[in-house]
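Please read the structure below before turning to the comments.
The values are calculated or read from the model by the stated rules, or taken from the named source; none is laboratory data. What you see is a predicted model; the values in this text were computed from it and never measured. A quick note on method: Cβ atoms are made from the backbone with ideal geometry, for glycine too, and the neighbour counts reach across all protein chains shown.
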Amino acid sequence: MSDLNPEQQKASEFTDGVCVVIAVPGSGKTRTMMERIGILVNKHGIPPENILGLTFTRNAADEMRHRLVPVLGEMSSRVFLTTIHSFCYTLLRSEGIVFEILSGREQMIFIKEVIKKLKIREVSAGMVLGEISLAKNNLIGCEEFRVMHAGDRTMVRIADIYEAYDREKSARMLMDFDDLLVRTHDMLNNRIDIREKYQEVFCHLLVDEFQDTNPAQMEILKLLIPENRQGSFWCTGDDHQAIFSFTGASVGNIIHFKSIFPDSQQMILHVNYRSTPQILAACQNLIRHNEKQIHKTLKTDNPDGEEVIVLESSSEETEAINLVHEIQTLKESTDYDYQDMAVLYRCNFQSRIIEEVFSQHKIPYHIENGLCFYDRREVKILLDYLRVISSPETDEGDEALAGILNVPNRYIGRKFIGELRSFAAEKQFHLYRALKELPVTLPYIRKNIQALTGFLDPLISEAGHIRPAEAISLVRTSLDIDRYVSEEDMPSPDDVKIQNMDQLLLSAARYDDIRAFLDYAAGFQNESVSDNREGVSLMTIHKAKGLEFPVVFLVGMVEGILPTRRNENIEEERRICFVAISRAMHLLYLSHYMTCLGQAARTSRFLCEILGQETDKKVSA
Ligand code: ATP
Ligand code: MG
């Protein structure tokens, strides 16, 4: 591996104390952090077990572990490299705290119970969880929350829920994700013995992607810093890449680092090793439009490459087809292989069209740490309904029915489904028939089942004539599936689930026949998508943090998508775009389209900003 440059060398050899390395994308922050771990172990004889390396997303943690191997070889697995949440989980468990983690879904059910018990009507569970989560990530306890919001009736009610929610959780030894942070903070803060123990064990603390720390995480880090200065707190980040404000993260932590840690040293890495000058120019053109930033220039000694390429298409669908053409051309005429390429998008739902078109054209792809479109829960629910409607008297129908019996909630538990299955086996019925004939004693369950079969029966008898899109719409509206799925999980910043269901509807609209559409969808559910890193990578920009690819396609550069209409913070949206384009090493494609669902789509302001200076090659659809 090539040597570190003098700036990187200096940063990696920093001795005891506090140090922040602020630097542009691709300047070797992660690389320098890994080399620093190598130096600590090999040169200073620090046992790997005494080093803790933290970051914020799972992909980034995987990347760190991957990159330490060439530096430390076998010893690399002895260094604790992980996300901050998983570190907190381990710490609490090691301190003998017995608890289970509530999944997003369980959390939603739990909070609803609390709201019901308190007889509060004016709030939605999703909103309440959002407020509580934000408070916890800012270490605002329930009492403080109440005082802060005194006079605001709704918020005071939320404070009541907050209190009851926490009380009930502890009574049942449960925690949600945010509790991991809060409880770890409290433990380190209140127990000097425990704090000192961890300060001693992890005498060298390193944090990558530091710009993403929220206040709770920051306080935990502060408590872990060795107080006697025998050891170090070394962190690195780039304020331009702060894109997690929805978790309460604040760019302020890195911008004001010096005032938070007056004795700290600040270092800067200037040279980018990742990208061509053309790609860096695009990055610079974009980010200079942000006011809130530490000014850094992006420069590289890398040789000139291609100009940034703009793909202009008539619609989202032609955009995907154009991608396929470009990918095929690259594959045939260059050395780039599928795994050198990544397609990045702002919102989860955007993957649907790309996946479909890629599958049709046999382009292999994979979605890392994510689910392919047709495997997403909300999409599966609707497909399961279609399956029951189209073939209730088959094994496929049995499986589908079991999947949706309790969606939306009909108070049907696993025990009931077990009884139903035995009854079906005994009578040699398929499940749907068994459901209609099983004697049910509990009146409210009987009522719910009758409502379900009453809804499905007419659809089943019309299944050959009804269009799939119509059936999906009926299921969604009659059973209020939209509300069910939005409340089932953690509130997502993008209303991702509703968008995914809308996408399914669009996809179904091309078919006249339910069966034909189901066969089409089934083609995706086990195809193309693989766990390993083969094929073109498809991921949201947030998941691409810290990664790099020789060829990057950024799709959907239209107003309303990037920037998304759901985020009023344009500077953050611009940073998100910046993260996306700075993943590219050699080739960067920026893609936009002219119409969306028949409406004119406006080109993203970010694309205009990037193109501001140089004129670029245009490839038209
Ligand atoms: P990001 O902000 O996107 O996380 P980063 O600052 O962490 O970027 P790295 O991912 O560590 O940057 O490095 C970018 C690329 O540059 C990697 O491929 C890395 O191996 C390479 N690189 C880093 N330092 C050097 C060097 N001194 N010589 C050659 N290549 C280097
Ligand atoms: Mg990095």
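The set of residues from the range 424-476 being of a type in the set (V, I, T) and either touching a strand residue (DSSP E or B) at 6+ places or on another chain (Cβ under 9 Å) or under 17 Å from I514 (Cβ atoms) (or both) comprises I460, I466, I472, V475. For the range 294-321, a residue qualifies if it is under 27 Å from K10 (Cα atoms), assigned to a loop (DSSP other than H, G, I, E, B) and in contact with a Lys or Arg (Cβ under 9 Å, 6 or more places away or on another chain), and the qualifying residues are H295, N302.
In the range 28-47, the residue that is farthest from ligand 2 (Cβ to nearest atom) out of those that are assigned to a helix (DSSP H, G or I) and of a type outside the set (A, V, I, L, M) is N42. The set of residues from the range 6-18 being out of contact with any Gly (no Cβ under 7 Å at 6 or more places or on another chain) and within 16 Å of ligand 2 (Cβ to nearest atom) comprises E7, A11, S12. Of all the residues in the range 156-186, those that are in a helix (DSSP H, G or I) and free of Cβ contacts under 8 Å to residues at least 24 places away in the same chain number 7. Residue check: N59 meets all listed conditions (1) over 26 Å from P262 (Cβ atoms); (2) in contact with a strand residue (DSSP E or B) (Cβ under 6 Å, 6 or more places away or on another chain); (3) in a helix (DSSP H, G or I) but one, namely (2).
Condition check: in contact (Cβ under 8 Å) with a residue 40 or more places away in the chain, of a type outside the set (S, T, Y) and in a helix (DSSP H, G or I). Does L134 satisfy that? Answer is yes for this residue.
The residues of the range 49-90 that are of a type in the set (G, A, S) and over 27 Å from the mean Cα position of the chain (by Cα) amount to a single one, G73. Could you tell me whether any residue of the range 267-283 is part of a loop (DSSP other than H, G, I, E, B) and away from ligand 1 (no atom under 16 Å from the Cβ)? The answer is no, given that none of the residues of the range 267-283 is part of a loop (DSSP other than H, G, I, E, B) and away from ligand 1 (no atom under 16 Å from the Cβ).
Of the residues screened, S76 is one that is of a type outside the set (D, E), away from ligand 1 (no atom under 13 Å from the Cβ) and crowded, with 19+ Cβ neighbours inside 10 Å. Residues that are within 16 Å of ligand 2 (Cβ to nearest atom), in contact with a Lys or Arg (Cβ under 7 Å, 6 or more places away or on another chain) and modelled with pLDDT under 95 do occur in the range 48-58. For the range 299-325, filtered to residues that are more than 27 Å from the chain's Cα centre (by Cα) and of a type in the set (D, E, K, R), the residue that is nearest to A601 (Cα to Cα) is E312.
Could you count how many residues in the range 376-412 are β-branched (V, I, T), more than 29 Å from the chain's Cα centre (by Cα) and either under 22 Å from D482 (Cα atoms) or buried (at least 22 other Cβ atoms within 10 Å of the Cβ) (or both)? The total comes to 3. On inspection, L547 passes the criterion of being surrounded by fewer than 23 Cβ atoms within 10 Å (Cβ to Cβ), within 16 Å of ligand 2 (Cβ to nearest atom) and closer than 26 Å to Y273 by Cβ. Just one of the numbered conditions (1) farther than 26 Å from D512 by Cβ; (2) out of contact with any strand residue (DSSP E or B) (no Cβ under 9 Å at 6 or more places or on another chain); (3) in a loop (DSSP other than H, G, I, E, B); (4) not polar (S, T, N, Q) is not true of K362; which one? Going through (1) farther than 26 Å from D512 by Cβ; (2) out of contact with any strand residue (DSSP E or B) (no Cβ under 9 Å at 6 or more places or on another chain); (3) in a loop (DSSP other than H, G, I, E, B); (4) not polar (S, T, N, Q) one by one, K362 breaks only (1). The combined condition, being of a type in the set (K, R), touching a residue at least 60 places away in the same chain (Cβ under 8 Å) and outside the structural domain of A216 (by the TED database), is not fulfilled by K116. The residues of the range 137-155 that are within 26 Å of S250 (Cβ to Cβ) and part of a helix (DSSP H, G or I), listed by number, are N137, C142, E143, E144, F145, R146, V147, M148, T154, M155.
Are there any pairs with C-beta distances below 8 angstrom linking a residue in the range 535-552 that is farther than 19 Å from L371 by Cβ and assigned to a strand (DSSP E or B) to a residue that is among the charged types (D, E, K, R) and within 16 Å of ligand 2 (Cβ to nearest atom), with the two at least 6 apart or on different chains, and if so which? Going by the 8 Å Cβ cut-off, the qualifying pairs are F549/R583; V552/R583.
Does E227 fit the bill of being surrounded by fewer than 22 Cβ atoms within 10 Å (Cβ to Cβ) and either among the aromatic types (F, W, Y) or in a loop (DSSP other than H, G, I, E, B) (or both)? Taking the combined requirement at face value, the residue satisfies it. Tallying residues that are under 26 Å from the mean Cα position of the chain (by Cα), away from ligand 2 (no atom under 16 Å from the Cβ) and of a type in the set (G, A, S) within the range 217-248 yields 2. Quick one: in the range 13-28, which of the residues that are among the aliphatic types (A, V, I, L, M) and more than 13 Å from ligand 1 (Cβ to nearest atom) is surrounded by the fewest Cβ atoms within 10 Å (Cβ to Cβ)? So the residue we want is V18.
Total residues in the range 29-69 satisfying the condition of being among the hydrophobic types (A, V, I, L, M, F, W, C) and within 16 Å of ligand 1 (Cβ to nearest atom): the figure is 11. Take the residues in the range 194-216 that are under 22 Å from R58 (Cβ atoms) and part of a loop (DSSP other than H, G, I, E, B), then tell me which one is farthest from ligand 2 (Cβ to nearest atom). My answer is F202.
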